[in-house]
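The values are calculated or read from the model by the stated rules, or taken from the named source; none is laboratory data. Keep in mind that this is a model prediction, so the values were computed, not measured. We place every Cβ from the backbone using ideal geometry, glycine too, and count neighbours over all the protein chains shown.
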């Protein structure tokens, strides 16, 4: 058990980038954690970390060791959870999702899940880019839009409505588009999904329209794109969940309300496929229920 504890502490130091943070999490003194990791390195005959005054970074050998050790630790957690009669989950659950999805839809609902499982630790990785989920030891990735061809498995948990929005101040200067073709005369703000020339697709009572648009300003974070539009930089297309607060407050206005855009799927992606852990499946069941009970969309107008 001492060896297992050393491996768990090593993994947490590597992920947190700090001996002190791992020590606080484990309820140990920093000196204890440092000594246990040093003993682990001595037993392996390899240096696992580069230590500086500012950071603790895994060496190449340390990164490879981490990638091999974390699935073993996760399997041990699952073995314990499978025989625990209380149903209470323990161990570490790593989640990955886009920043806006996390901050606006998932994290505000996470307390109820953690209250059900107070001994379960949760790491949340927020990034609009697609991570290497196997390398990052992610148990569940929440992703918006079509999934690439992947080795894991996925489950559809919700759909998102896409909207075109702008700030009232921008519309006062530039005018309000009435038809999709009018967008070509406006300044476009691109988010992570529209950093290059993109075709925006619309439909109304059987009539279809496609407009190819080149963003004038590009932001690699969806929340940043929304903020740019609130500031009057132009028009963007984003999910309704990403700008619901701004639509309700009036800082953004929905454009072309009579024209529909395609809904986007929200999938829970399991990198490990059939080996998905109990805690990961429990979280997905929880968040699917929560998103199904999300507030209704903001009315057009």
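Per-structure values
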{"quantity": "Verdict on residue 103 being surrounded by 15 or more Cβ atoms within 10 Å (Cβ to Cβ), at negative phi and touching a strand residue (DSSP E or B) at 6+ places or on another chain (Cβ under 6 Å)", "calculated": "no"}
{"quantity": "Qualifying positions in the stretch 13-48 - out of contact with any strand residue (DSSP E or B) (no Cβ under 8 Å at 6 or more places or on another chain) and within 19 Å of residue 92 (Cβ to Cβ)", "calculated": "16, 20, 21, 22, 23, 24, 26, 27, 28, 33, 36, 40"}
{"quantity": "Any strands (runs of 3 or more DSSP E) falling wholly within the stretch 203-296 and containing at least 1 residues that are surrounded by 14 or more Cβ atoms within 10 Å (Cβ to Cβ) and without any contact (Cβ under 8 Å) to a residue 60 or more places away in the chain", "calculated": "207-213"}
{"quantity": "Answer from 173, 179 - the residue that is loosely packed, with under 15 Cβ neighbours inside 10 Å, out of contact with any strand residue (DSSP E or B) (no Cβ under 7 Å at 6 or more places or on another chain), in contact (Cβ under 8 Å) with a residue 60 or more places away in the chain and under 29 Å from residue 231 (Cβ atoms)", "calculated": "179"}
{"quantity": "Selection within the stretch 183-199 - in contact with a strand residue (DSSP E or B) (Cβ under 9 Å, 6 or more places away or on another chain), farther than 21 Å from residue 99 by Cβ and either in a helix (DSSP H, G or I) or at pLDDT below 90 (or both)", "calculated": "183, 184, 197, 199"}
{"quantity": "Given (1) in contact (Cβ under 8 Å) with a residue 40 or more places away in the chain; (2) closer than 22 Å to residue 136 by Cα, index of the condition residue 82 fails", "calculated": "(2)"}
{"quantity": "Exclusive hit being modelled with pLDDT of 90 or more and either crowded, with 19+ Cβ neighbours inside 10 Å or not in a strand (DSSP E or B) (or both), set 136, 115", "calculated": "115"}
{"quantity": "Candidates 109, 68 - the one that is modelled with pLDDT of 85 or more and surrounded by 13 or more Cβ atoms within 10 Å (Cβ to Cβ)", "calculated": "109"}
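Matching residues to (1) surrounded by 13 or more Cβ atoms within 10 Å (Cβ to Cβ); (2) over 27 Å from residue 283 (Cβ atoms):
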site	(1), (2)
53	no, yes
64	yes, yes
73	yes, no
76	yes, no
89	yes, no
